[in-house]
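Chemist: Take this structure, written in structure tokens, and hold onto it; I'll ask about it next.
The values are calculated or read from the model by the stated rules, or taken from the named source; none is laboratory data. Fair warning: this is a prediction, and the values are worked out from it, not measured in the lab. Cβ sites come from the backbone with ideal geometry, for glycine too, and all protein chains shown count toward neighbours. Ligands, DNA and RNA are stripped out before the accessible areas are found, and what is left, the full protein with its side chains, is counted by its heavy atoms. Shrake-Rupley method; radii C 1.70, N 1.55, O 1.52, S 1.80 Å.
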Amino acid sequence: MEPNPCLACGACCVSFRVSFYWAEADAAAGGVTPTELTTVVSPYRVAMRGTDQAHPHCIALEGEVGVQVYCRIYQQRPSPCREFRASWENGERNETCERARARYSLLPLAPALSTVK
Ligand code: SF4
Ligand code: SF4
């Protein structure tokens, strides 16, 4: 099995605003993302702290981008993070992943040999 490329990357966690519906960070509403790690960005939306700024860096990201990273709330990460796929993870290219990696001088991921037709 191929190693998870995200564990040696993290570029998307330091490239974009990660915003989502407020209830995902409200335990009373069934949310699991820690409220204290979010900031309000509109009446209905919050963002991961650190991502709503000119040079985003999610507060939950640990480690060194492009070397070794992990998300310290991985099991509680919000929907944009759960839904974001590394390029070719599902056999499809993700240009947003590639754009984030390029910002940190990381080459685009290559498709797995098993997905090349
Ligand atoms: S930019 Fe792509 S490879 Fe890097 S952590 Fe995000 S999804 Fe994974
Ligand atoms: S919550 Fe985790 S996966 Fe989502 S941006 Fe922050 S560090 Fe990345």
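Chemist: Cα gyration tensor of the range 5-107, axes a ≥ b ≥ c as square roots of the eigenvalues: rounded (a/c below 1.5), prolate (a/b > b/c) or oblate? Walk me through the numbers on the way to the answer.
Modeler: Details: a/c = 1.85, a/b = 1.68, b/c = 1.10.
It comes out prolate by the Cα gyration axes.
Chemist: Once you have a ≥ b ≥ c as the square roots of the Cα gyration tensor eigenvalues for the range 1-55, tell me rounded if a/c is under 1.5, and otherwise prolate or oblate according to whether a/b is larger than b/c. Before the final figure, lay out each step's value.
Modeler: Numbers: a/c = 3.18, a/b = 1.55, b/c = 2.05.
Oblate shape, in that a/c is at least 1.5 and b/c is the bigger or equal ratio.
Chemist: Sticking with this one: Using only the heavy atoms of the protein chains and a 1.4 Å probe, how would Asp26, Asp52 rank by accessible area, largest first?
Modeler: Working: Asp26 50, Asp52 75 Å².
Listed by decreasing accessible area, they come as Asp52, Asp26.
Chemist: Out of Val14, Ala25, Cys58, whose Cα points farthest toward the positive end of the dipole of the chain (charges: +1 Lys, Arg; -1 Asp, Glu; placed on Cβ)?
Modeler: Val14
Chemist: About the Cα centre, and with charges only on the beta carbon of Lys, Arg (+1) and Asp, Glu (-1), how big is the dipole of the chain? Nearest 20 debye, please.
Modeler: Working: 12 positive and 12 negative charges, 40 e Å.
Dipole magnitude for the chain comes out near 200 debye.
Chemist: Between Val40, Val14, Val67, find the one with the highest GNM mean-square fluctuation for the chain; connect C-alpha pairs within less than 10 Å.
Modeler: Val67
Chemist: Can you pull out the chymotrypsin sites (Phe, Trp or Tyr not before Pro) in the range 27-77 that DSSP calls coil and that have at most 13 other Cβ atoms within 10 Å?
Modeler: Numbers: sites: Tyr44, Tyr70, Tyr74; in loops: Tyr44.
Answer by residue number: Tyr44.
Chemist: May I ask you to give the percent of accessible area on the chain that is carbon plus sulfur, with a probe radius of 1.4 Å? Present the calculation step by step, with values, prior to reporting the outcome.
Modeler: On the way: 4120 of 7690 Å².
Carbon and sulfur: 54 percent of the exposed surface of the chain.
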